[in-house]
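Report on the following structure.
No value in this document is a laboratory result; all are computed from the given coordinates. No experiment lies behind these values; they were computed from the predicted model shown. Backbone-built Cβ (ideal geometry, glycine too); neighbour counts: all protein chains shown.
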Amino acid sequence: MSEIVEITGDEATPVAAKPKMSRKKLMIIGGAAVLALGGGGGAYMFLSGGGHDVDQVAETPTEGHDAAAAPTNFVDVPPMMVNLRSPDGAQHMLKLRFMLVPGPKGSTDTLKKKLPLILDAYQPFLRELRPEDLAGSAAVFRIKEEMLLRANNAAGAGSVSDILIQDLVQQ
C-alpha cells in the first residue's frame, strides 16, 4: 500500500489513510437500500389503492347501468332462527338477518305481500343445512345464491335481484 504524506514546510509526515469499506459492507448497505426503496414503493402502492383516485372512481358511472335505476328501497326481512341438521345430534342454531332487493319485475310492495311465500320457501333449505355447510369463505355466496333462486321461484322470476345478508350467526 502506498502511504499518504502531508508536506508542511520542510517536513513530510505520514497521514493515516482512511480505511476502505469492505466489499461485504457495501453489499449489505446496498441490499438494505434496495429493500427500503422497494418496501416503501410497495407500501405506497398498497395504501394508495393501486393508483386509483377514490373520487374519480366514485363519480364515474358504471357502463351498462343507469344511475337512476339503482335500487333505493329494500325489503327488510324479520330475523330468522332455525335448527341446523346435525349428524351427532347436538343442537346447532342459525340466526339469519337479511334484506331483499327488488328486481326489474318486482317492487317493495309486491315483495312485502309475497314475503310469507318467500319465507316458507327458505325454511326447508335452511333447516337442511349442516354446520359444515357454513364453513369457509364461499359459504355465504352459496347461501345467497340459493336464497335468491328460491325467492324468485316463490315471488316470480325477476322480482328479486339480490339478497343482502346482514347477520349470519351459527351457534
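Under the Karplus relation 6.51 cos²θ - 1.76 cosθ + 1.60, θ = phi - 60°, what is the ordered set of whole-Hz ³J(HN,Hα) values for the range 125-141, x standing for Gly and Pro?
Per residue, the Karplus-derived 3J(HN,Hα) values read 5, 5, 6, 8, 5, 10, x, 5, 5, 9, 8, x, 6, 8, 4, 5, 4 Hz.
Hand me the tally of lysine pairs in the range 71-170: alpha carbons under 20 angstrom apart, and the pair either on different chains or 8 or more positions apart.
Lysine pairs meeting both conditions in the range 71-170 amount to 6.
Kindly put SER159, SER107 in sequence by how many other C-beta atoms sit within 10 Å of each C-beta, fewest to most.
Lowest count first: SER107, SER159.
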